1. With +1 on the Cβ of every Lys and Arg and -1 on the Cβ of every Asp and Glu, and nothing else charged, how large is the dipole of the chain about its Cα centre, in debye rounded to the nearest 20?
2. Amide H to amide H, which residues 5 or more places from residue 127 or on other chains are under 5 Å from it, using H placed in the peptide plane?
3. Using only the Cα atoms, what convex hull volume per residue in Å³ does the chain have?
4. Amide H of residue 158: which non-local residues (sequence gap of 5 or more, or other chain) have their own amide H closer than 5 Å, using H built in the peptide plane?
5. What residues qualify as long-range amide H neighbours of residue 168, i.e. H under 5 Å apart, gap of 5 or more or another chain, H built at 1.01 Å from N?
6. Would you kindly derive the ³J(HN,Hα) couplings of the stretch 135-152 from the backbone phi angles with the Karplus curve 6.51 cos²θ - 1.76 cosθ + 1.60 (θ = phi - 60°), listing them in order in whole Hz, with x for Gly and Pro?
7. Using only protein heavy atoms and a 1.4 Å probe, report how much of residue 78 is accessible, in Å² to the nearest 10.
8. Counting only helical runs of four or more DSSP H residues, what would the 222 nm mean residue ellipticity of the chain come to if each run contributes -39,500 (n - 2.57) and the total is spread over all its residues?
Amino acid sequence: MKETYRDEWRVMVTLKPRRPADLGLTGLDELAEFIAPPGPITIAVLPRRLGKLSAGMSVPDDMVSRDVDGAYRQRCDEIAAELRHRPQVDEVTVTCTETHTCSHCRCGWETLTAAEAADPANRQDEHSIEGEPVCCNWAIDEFRAERGIPRLDDGVVAYRNPDRSGVLLCREHGYAWAGLVPLKSDDLPDGGLCTYGDPADASTQCGRDVLITEAGESA
């Protein structure tokens, strides 16, 4: 599932100054002439931090509000409302920075484009479609379950590391690792053993025959 985080709330203000006072230049009428800039000026107005208290004290924002995003949005809306009626203000926009991550693996959220889904080099299998996440198998399974698409591991018995041909992982230890190539039984006519674990410590090694279904597993 995609999770969205918002921060760096700000109010973008476009100014069209028409007189010195619009830029805070007052008391100079008898000494200077004012030449308006050729185009608009855009500045960013930042809201005061929620956790910034009086007397120089500061606390985390989430100690001040249960809805930090909503509180900053409200504060920016109040700033925008105050600025919009001023004659030198041409446009006011409330904005923020959005970061999208996967709720399962916490990696950045990316999905297949239509062109990528049509290219066998980019898609996971023949069931991959536009919009499918690419970060981890958990996200792919959730995406497919919502759309009635066969799970990624249907018929998969093991996973191969494309950069290290000697690394073969069983379904338990290879599932959801990004970048591994899923293999079906036809891809392993001679079988194979899971290499998961520390080669120097036999107690950590899996060694499972990937073509043998364990009790409680489904092929």
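1. 960
2. none
3. 271
4. Amide H neighbours of residue 158, under 5 Å, 5+ apart: 183.
5. 195
6. 7, 7, 5, 4, 5, 5, 4, 5, 4, 6, 4, 5, 10, x, 8, x, 4, 5
7. 110
8. That comes out to -4500 deg cm²/dmol.
The values are calculated or read from the model by the stated rules, or taken from the named source; none is laboratory data. Note that the coordinates shown come from a computational prediction; the quantities given were computed from them, not determined experimentally. Heads up, the Cβs are rebuilt from the backbone with ideal geometry, glycines too, and the neighbour counts pull from every protein chain shown. Protein only, heavy atoms only, side chains kept; ligands, DNA and RNA dropped before computing areas. Shrake-Rupley method; radii C 1.70, N 1.55, O 1.52, S 1.80 Å.
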